[in-house]
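Single-structure report; data block below.
Coordinate-derived values only; no laboratory data. Note that this is a predicted model, so its numbers are computed, not measured. Because the Cβ atoms are built from the backbone with ideal geometry, glycine has one as well, and the counts that use them run over all protein chains shown.
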Amino acid sequence: MLERIAHFFTRTKKQTTSVDTNLSVPVHVAVIMDGNGRWAKARSLPRIAGHSAGMKTVKEVVKAADAIGVKYLTMYAFSTENWKRPREEVEFLMKLPQEFLSTELDELVERNVCVKILGSREELPSHTRQALETAVEKTKHNDGLQLLFALNYGGRKEICDAVQELARQVEAGILSAEQIDEKAIEQKLYTGGIPEPDLLIRTSGEIRLSNFMLWQLAYTELWFTDVLWPDFTKEHFNEAIAEYQRRARRYGAV
Ligand code: V07
């Protein structure tokens, strides 16, 4: 009897929000990882400590997404606005891709993950670019989870770049103005050919898009939580997925 009671307690303790993979799992999940600075401040730590803690969460969420069969995971790592932050903070942030990849790249390769970067790489320091290019190159043939890092990314800039490229084609006589339609623009975005996110997660209580994937989020389900990014766990991630599944089921019913 005691054994059965003990078993009951260990079982209930372990139970967390689990994802029913028989229901529709979002193909593409995008994440705005907000609240690292606030997390650090609450602990009287420097902001960079929050960024380091946030990197651990990235690792956990990548595993959680992979485990339930998400095909594309986009993480907003650095915005075009983030250059305005103090120089030391920017320098620290620019070391994080290297730090992340130095411990994770082998495992990502093993797990058949394909790493891609959304954003312009020219402005990045060469050590950062080098690390990114190695990761992209080493994983380019992998057809498992597509792990996209938005880095030096801005949604309006992305649309401007796409439209400029199309305008150049018009100038060159390859394209007519009438051929600039939604499909033509979509193909010139950094995400050209990648399906639009089904679900956007934003942490830390801010309820806005902050120039993230403006074109791609037109029909996306939005999910916000007050949890700060370093405190975000795979259980929170699975909660967001379960909520997405409830919404998908409701739409499916009508
Ligand atoms: C960054 C940690 C997570 C919280 C948000 C801001 C700070 C992972 C990466 C990364 C980027 C590219 C890549 C591999 C890892 C990263 C930056 C900031 C700039 F190929 N986390 N993380 N990059 N933060």
20 Å Cα cut-off, lysine pairs counted over region 96-254 (separation 8 or more, or different chains): 7
Taking only C-alpha pairs under 8 Å that are 6+ residues apart, what is the relative contact order of the chain in percent? 28
Ranking request for peptides 34-41, 204-211, 65-72: highest mean number of other beta-carbon atoms within 10 Å first, then the rest in descending order. 34-41, 65-72, 204-211
For Phe232, residues with placed amide H under 5 Å, excluding near neighbours: none
Taking placed amide H atoms and a strict 5 Å upper bound, the residues 5 or more places from Lys116 or on another chain that come that close are Leu147, Leu148, Phe149
Determine the relative contact order of region 108-254: mean sequence separation of Cα pairs under 8 Å and six or more apart, normalised by residue count, in whole percent. 20
No solvent, one uniform scatterer per C-alpha: report log10 I(q)/I(0) for the chain via the Debye equation at q = 0.08, 0.10, 0.17 1/Å, two decimals. -0.36, -0.55, -1.41
Once you have the alpha carbon radius of gyration of region 124-191, what is it after dividing by 2.2 N^0.38 Å, with N set to its residue count? 1.42
Using helices alone, I'd like the mean residue ellipticity at 222 nm for the chain: each DSSP H run of four-plus residues gives -39500 (n - 2.57), total over residue count, nearest 500. -16000 deg cm²/dmol
May I ask you to list, by number, the DSSP H helices of the chain whose Cα span along the axis is at least 27 Å and whose average Kyte-Doolittle hydropathy reaches 0.0 or more? 47-68
